[in-house]
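Heads up, the thing below is written out as structure tokens.
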Amino acid sequence: MSVRYIVPQHMINTAKEQRKRRDRRYGNLYLETSTDQRWTGDLGEGIFDYFLSAEKIPHEWQNELEAAGKPDFFVAGYRVGVKTVKRSGPILSGYTAQISTRHVEEPVEFFFFLSYEYPKKRMWLLGGCSKEFFLQHARSYKAGEQVHEFYTVRPGHAIHNIEIAQLTVPRLWIQQFRKAVK
């Protein structure tokens, strides 16, 4: 079962400021459109940090400016990449989670996926999997390919996509880290 949080405005403001700082430092890899809300990735990391803290899972968030090319988190000694997408509605059966192809080879052992529902300010924690599992089960889409009727992959972009039903739900997923520190 997914975990859902109502996101307070102060976390949104913090995520927007973090994205501005990172963009000044690194720029943007992709062509941006007016509907992009790139700060949702930063917001997802903040919510994931909150979730791990609430569950008392030892972790370290790599949210400093020198984070490029590094894991987003160290969780009980493991490297974790956190991936967040935005959607205009809640998570429905059959939905997928994705990683841009440029990021699929990050130096991590695990991925964790979230979905930000706007304008309702709800963050859905979808679940996680090992990088190895993701690479075995994800489907690759190139620019111009249609993922579904409302989503065609943009030019200059490619993604790896997995059904959220294949992910381990959040509270079960974190159990492996609870066991790792005992």
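Structure above, values below:
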quantity: Highest to lowest packing among 172-179, 79-86, scored as the average C-beta count within 10 Å; calculated: 79-86, 172-179
quantity: Extreme residue, positive dipole direction of segment 101-182, given options Gln166, Thr152, Ser140 (C-beta unit charges); calculated: Gln166
quantity: Ranked packing of 129-140, 109-120, most packed first, by mean Cβ within 10 Å; calculated: 109-120, 129-140
quantity: In order through segment 120-129: 3J(HN,Hα) via Karplus (6.51 cos²θ - 1.76 cosθ + 1.60), integer Hz, x for Gly, Pro; calculated: 6, 6, 10, 10, 9, 8, 8, x, x, 6
quantity: Nearby lysines by direct alpha-carbon distance to Lys70 (threshold 17 angstrom, same-chain neighbours under 8 apart not counted); calculated: Lys83, Lys131
quantity: Under Karplus coefficients 6.51, -1.76 and 1.60, residue-wise ³J(HN,Hα) of segment 138-149 in Hz, glycine/proline x; calculated: 7, 9, 8, 10, 9, 3, x, 7, 9, 6, 7, 4
quantity: Residue-averaged [θ]222 nm for the chain, counting only DSSP H segments that reach four residues, each worth -39500 (n - 2.57); calculated: -8000 deg cm²/dmol
quantity: Extended-chain gain in nm, criterion 0.36 nm per residue less alpha-carbon gap, Arg102 and Val169; calculated: 21.6 nm
quantity: Relative contact order of the chain, defined on C-alpha pairs under 8 angstrom at six or more residues apart (%); calculated: 23
quantity: Computed magnitude of the charge dipole of segment 3-180 (debye, nearest 20; Cβ of K, R +1, Cβ of D, E -1); calculated: 320
quantity: Distance in nm between pseudo-label sites at Arg139 and Arg178 (7 Å out along the Cβ direction from Cα); calculated: 3.4
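Computed from the coordinates by the stated procedures, all read-outs in this text should not be read as laboratory data. These figures come from a predicted structure and were not determined experimentally. Glycine gets a Cβ as well: all are built from the backbone with ideal geometry, and neighbour counts include every protein chain shown.
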